[in-house]
Amino acid sequence: MSVDERDRGSTLEEGEVVLLLDRQGRRTLARLWPGRRLHTHRGSIALNEVLGRREGSAVRTSAGERMIVLRPRLIDYVVEMPRQTGLVYPKDAAFVLAWADVFPGARVVEAGLGSGALTLMLLRALGPRGALTCYEVRAEFVPHALANLERFFGQRPSLVVRERDIYDGIVETDLDRVILDLPEPWRVVAHAASALRAGGIFCAYNPSMAQVQHTVAALRAHRRFAAIETLEVLYRSWVVRDEVVRPEQQMVGHTGFLTVARRLDAEEPGGEDDGGDADDAE
Ligand code: SAH
């Protein structure tokens, strides 16, 4: 269940997902069912002990280990939830929200749904007034992804899922944002140009630079987009403990690239200048 207004200061209840942290900061997610025991590498915990507690409480395992109980942040939940596809990881999803400027109440189309990781982040940012439609071509993925969303929000969130191939077109119009995590985003550029309002934002996440090149070429050729930008996010966490102050030794080397672009009001005139930046000239 999500940490939201409803949960502020309330005690942990049956059916909620909680995060247990041991002394080393190791994490375990558990759903609170009365009468069940959670087995960890540091002994087991009767979940009845956790029910009715407030977030931040300490409980003891059968081996005497102290564990702290919290509601998970959305990013804690996303990396632990069952998955059937690759995910957009929190570092990249955070940048999607900022670079695609996803705001409360926006009208957004996303593709594909996958395991629902990016969808969760979008729903959170859009809030109850937002309108999210998610295209997914593999119908068999949909129930699993919806279960991931429902487990987090504690209820079926409000979104429309279209079991369709987005390469065939976007039904919605007057969109604020089109957000893509699929293999060939360049095939969505023309559809996004029709579906986005002027000033709207196209955003694609892709693991390979070849995909980025095709997408940027399509955005330029379409003459309906400006402010085309590609970036990657390097995230390095640090150990800060007494005299040990250093980066973590392990780091994720690569996830993917983001490409964002703004929809113009009218088509750019053609001509010599293909929209490339002046400082590209060498
Ligand atoms: N962003 C998701 C992961 C998406 S994986 C997450 O964070 O969990 C890519 C998904 O896009 C897959 O589920 C795949 O079936 C879907 N997909 C691929 N091509 C598509 C298309 N043309 N139209 C709709 N969905 C598509």
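The values are calculated or read from the model by the stated rules, or taken from the named source; none is laboratory data. This one's a predicted model, so the numbers in the text were calculated from it and none came from an experiment. A quick note on method: Cβ atoms are made from the backbone with ideal geometry, for glycine too, and the neighbour counts reach across all protein chains shown. For accessibility, only protein heavy atoms count, side chains too; no ligands or nucleic acids. Shrake-Rupley method; radii C 1.70, N 1.55, O 1.52, S 1.80 Å.
Taken per residue, the accessible surface of the chain reaches 53 Å², heavy atoms only and a 1.4 Å probe. Mean residue ellipticity, 222 nm, helices only, the chain: the sum of -39500 (n - 2.57) across DSSP H runs of n ≥ 4, divided by residue count and rounded to 500, is -6000 deg cm²/dmol. Residue order by solvent-accessible surface for R187, R42 is R187, R42, largest first, with ligands and nucleic acids left out and a 1.4 Å probe. For the chain, the relative contact order comes to 13 percent (Cα pairs under 8 Å, sequence separation of at least 6). Computed extension length for R236-T173: 18.8 nm, one decimal, from 0.36 nm per residue of separation with the Cα-Cα distance subtracted. Atom-type composition of the exposed protein surface of the chain places 48 percent of the accessible area on carbon and sulfur (1.4 angstrom probe).
Sparse packing (at most 16 other Cβ atoms within 10 Å of the Cβ) combined with a DSSP loop state is found for the following trypsin sites (Lys or Arg not before Pro) in segment 197-251: R223, R236.
Within the chain, DSSP assigns beta bridges of which about 65% are antiparallel (rounded to the nearest 5).
Here each label is just a point 7 Å from Cα along the line to Cβ, and for V79 and E268 those points are 3.8 nm apart.
Near R107, the amide H atoms lying under 5 Å from its own belong to A131, D176, R177; only residues 5 or more places off or on other chains count, and H is placed 1.01 Å from N. The Rg/Rh ratio of segment 3-72, with both radii computed over alpha carbons and Rh defined as the Kirkwood radius, is 0.94. Counting Cα-Cα pairs of the chain in 5 Å increments starting at 0 gives whole-percent bin shares of 1, 5, 11, 14, 15, 14, 12, 10, 7, 5, 3, 2, 1, 0, 0. The HN-Hα couplings worked out from phi for segment 128-141 by the Karplus form 6.51 cos²θ - 1.76 cosθ + 1.60 (θ = phi - 60°) are x, 8, x, 10, 10, 10, 10, 8, 9, 7, 9, 4, 5, 7 Hz, whole numbers, x standing for Gly and Pro. Taking all protein chains as shown and a probe of 1.4 angstrom, H214 keeps an accessible surface of around 100 Å².
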